[in-house]
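Data block below; observations after.
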Amino acid sequence: MYITVDKLHLLTLHVGYAQHLGDWNWKRVRSPFARLYYVTDGVAQIEMASGIYTLLPHRLYLIPAFTEHNCICNSVFKHYYIHIYEEMQGDSGGLEEYDFPVEVEAAAYDLDLFKRLCYINPFLKLPESNPDSYDNHQSLIGNIQLNQRRPFCDKLESCGILYILLSHFMKYATPKTEVKDSRIHQMLAYIRKNIHLRLDIDVLADKACMSKDHFIRVFKREMGETPNVYVTKKKMEKAELLLVTSDLSVKQVADSLGYEDYSYFNKLFKKNAGVTPQQYRMNHS
């Protein structure tokens with residue numbers, strides 16, 4: 001599933017400039033939005049499952065949404081930051097469909113773009129750098145509403161700046177999965193569009209005009225994981241987003257994702273996120 005500009009709906013949740021002196025140290029940060037950094041001075045590190053990355057001046061760094069990471073800093077570190085929230089609409093693909101490089105070289109004009117985004121969005125500056133102060137339900141909902149109320153010209157310019165900055169990463173991005181089988185490609189679109197349904201494997205196989213066993217084999221060959229694992233992962237990511245950005249009860253979240261068995265939903269969520277849905281919401285409240 002390849003994205004097009006008209007189907008990419010991006011919001012600037014936070015943007016600003018931060019200066020630190022060995023105090024940018026946060027553990028197990030995981031958010032429903034992407035982070036984009038431009039370092040102006042000093043050095044810090046980001047630790048992710050894929051490795052440890054050193055953040056250096058005049059470079060751009062991207063941390064995708066739902067990517068757990070640790071921030072490490074023991075000296076001077078000054079940087080611009082942008083937190084990007086993607087509104088998923090229908091079955092269109094989004095940034096989550098691609099693997100992006102963590103680091104790319106900044107263009108000569110990028111610093112001016114960060115400064116301009118800060119200038120037209122002064123109210124989106126973080127109150128402090130501790131993720132607990134902004135990575136929560138109240139802050140996310142408030143900033144999404146702020147975006148919706150802004151003059152269209154400011155929203156258009158902000159979105160344009162995000163497109164330009166992200167284009168540096170898109171140049172080197174690769175689809176997470178090169179799906180060659182058209183039947184599996186169609187089923188991925190069906191899953192995205194119907195993530196609120198139960199999505200029984202028998203039904204998916206039938207829609208793909210394949211036997212159940214053959215469907216599972218082909219899906220795993222194309223995606224590297226079984227249909228059940230893929231569907232569960234996508235449902236749990238959606239659950240995380242709903243727990244943070246909506247007022248739905250945990251049971252309503254489970255119902256909205258096709259889980260009639262509330263205890264089973266809790267078990268799956270804890271296996272995926274490491275905490276129960278209630279604890280996850282409390283951590284982001």
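Things to note:
- Just one residue in the set Leu197, Leu242, Leu204 is touching a Gly at 6+ places or on another chain (Cβ under 6 Å) and not assigned by TED's automatic domain parsing to the domain that holds Leu95; that residue is Leu197.
- As a summary of the residue check, Glu240 satisfies the conditions (1) at pLDDT 90 or above; (2) surrounded by 15 or more Cβ atoms within 10 Å (Cβ to Cβ) except for the one numbered (1).
- Take the conditions (1) closer than 25 Å to His196 by Cα; (2) part of a loop (DSSP other than H, G, I, E, B); Pro127 misses just one of them, which is (1).
- Residue in segment 41-63 that is among the charged types (D, E, K, R), out of contact with any helix residue (DSSP H, G or I) (no Cβ under 6 Å at 6 or more places or on another chain) and either outside the structural domain of Ala108 (by TED's automatic domain parsing) or in a loop (DSSP other than H, G, I, E, B) (or both) present: no
- Of all residues in segment 63-92, those that are over 20 Å from Ser31 (Cα atoms) and of a type in the set (S, T, N, Q) have Cβ atoms under 8 Å from Cβ atoms of residues that are part of a strand (DSSP E or B) and modelled with pLDDT of 95 or more, 6 or more apart or on another chain, in Ser75/Leu21; Ser75/Gly42.
- Between Pro131, Pro101, Pro122, the distinction of being assigned by TED's automatic domain parsing to the domain that holds Leu36 and free of Cβ contacts under 8 Å to residues at least 24 places away in the same chain belongs to Pro122 only.
- Top-ranked residue in segment 38-68 [being crowded, with 21+ Cβ neighbours inside 10 Å and of a type outside the set (A, V, I, L, M, F, W, C); ranked as farthest from Asn283 (Cα to Cα)]: Tyr38
- From the list Tyr264, Tyr259, the lone residue that is surrounded by 14 or more Cβ atoms within 10 Å (Cβ to Cβ), out of contact with any strand residue (DSSP E or B) (no Cβ under 6 Å at 6 or more places or on another chain) and either free of Cβ contacts under 8 Å to residues at least 12 places away in the same chain or assigned to a loop (DSSP other than H, G, I, E, B) (or both) is Tyr259.
- Thr245, sole failed condition from (1) in contact with a strand residue (DSSP E or B) (Cβ under 9 Å, 6 or more places away or on another chain); (2) free of Cβ contacts under 8 Å to residues at least 60 places away in the same chain: (2)
- Take the conditions (1) at positive phi; (2) surrounded by 19 or more Cβ atoms within 10 Å (Cβ to Cβ); (3) modelled with pLDDT under 95; Arg28 misses just one of them, which is (2).
- Out of Leu165, Leu117, one residue alone is over 29 Å from Lys233 (Cβ atoms), touching a residue at least 12 places away in the same chain (Cβ under 8 Å), crowded, with 18+ Cβ neighbours inside 10 Å and under 22 Å from the mean Cα position of the chain (by Cα). It is Leu117.
- Test: residue in segment 269-284 that is in a loop (DSSP other than H, G, I, E, B), farther than 30 Å from Asp181 by Cα, out of contact with any Leu (no Cβ under 6 Å at 6 or more places or on another chain) and in contact (Cβ under 8 Å) with a residue 60 or more places away in the chain: yes
- Those residues of segment 193-233 which are surrounded by 15 or more Cβ atoms within 10 Å (Cβ to Cβ), within 22 Å of the chain's Cα centre (by Cα) and either more than 15 Å from Leu257 (Cα to Cα) or modelled with pLDDT under 90 (or both), in sequence order: Met223, Pro227
The values are calculated or read from the model by the stated rules, or taken from the named source; none is laboratory data. Worth saying up front: this structure is predicted, and the values here are computed from it rather than measured. Ideal geometry is used to build each Cβ from the backbone, glycine not excepted, and the neighbour counts take in all protein chains shown.
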